[in-house]
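Beneath this line is the structure, given in structure tokens, with notes to follow.
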Amino acid sequence: MNDKQLKNWSTIRIKGKTNYILKVGILGFGLIASSIASLILHFWSPVEHWYIRPLFNLILFCIVGYFMSKQSWKKNEKEYSKHSQ
């Protein structure tokens with residue numbers, strides 16, 4: 001991590017892990033990825049019950065986003081502690 005990344009991460013970590021996971025993983029990745037996947041699948045393979053697929057995608061991508069952002073938090077904390085000492 002360079003100085004700019006250290007400063008940026010220190011601002012993010014003040015807000016907390018839960019806030020990071022919510023914003024980056026669930027809202028950032030989960031909502032955007034599920035919306036894109038739902039739109040693509042709707043036009044590529046339309047189904048009669050169109051509302052089931054977006055709901056499934058939302059649940060799936062929010063879970064994936066949660067675990068991705070949790071892992072990202074761990075990685076960034078490890079780097080931060082290594083460089084801030």
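Positive-end ranking of CYS62, TYR80, TRP50 along the dipole of segment 44-85, with charges on Cβ about the Cα centre, is headed by TYR80. When the alpha carbon gyration tensor of the chain is reduced to an equivalent ellipsoid, its three semi-axes come out at 35, 11, 9 angstrom, largest first. Applying 1/(1 + (r/R0)^6) with r as the Cβ-Cβ distance of GLN5 and PHE56 and R0 = 35 angstrom yields a FRET efficiency of 0.45.
Of the chymotrypsin sites (Phe, Trp or Tyr not before Pro) found in segment 19-71, those that fall in a DSSP loop while having at most 16 other beta-carbon atoms within 10 Å are TRP50, TYR51.
Skip the ligands, DNA and RNA, and give the accessible area per residue of the chain with a 1.4 Å probe, whole Å².
It amounts to 76 Å² per residue over the chain.
The values are calculated or read from the model by the stated rules, or taken from the named source; none is laboratory data. Given the structure is predicted, the values throughout are model-derived calculations rather than measurements. Backbone-built Cβ (ideal geometry, glycine too); neighbour counts: all protein chains shown. Keep in mind that these areas ignore ligands, DNA and RNA; they rest on the heavy atoms of the full protein, side chains included. Shrake-Rupley method; radii C 1.70, N 1.55, O 1.52, S 1.80 Å.
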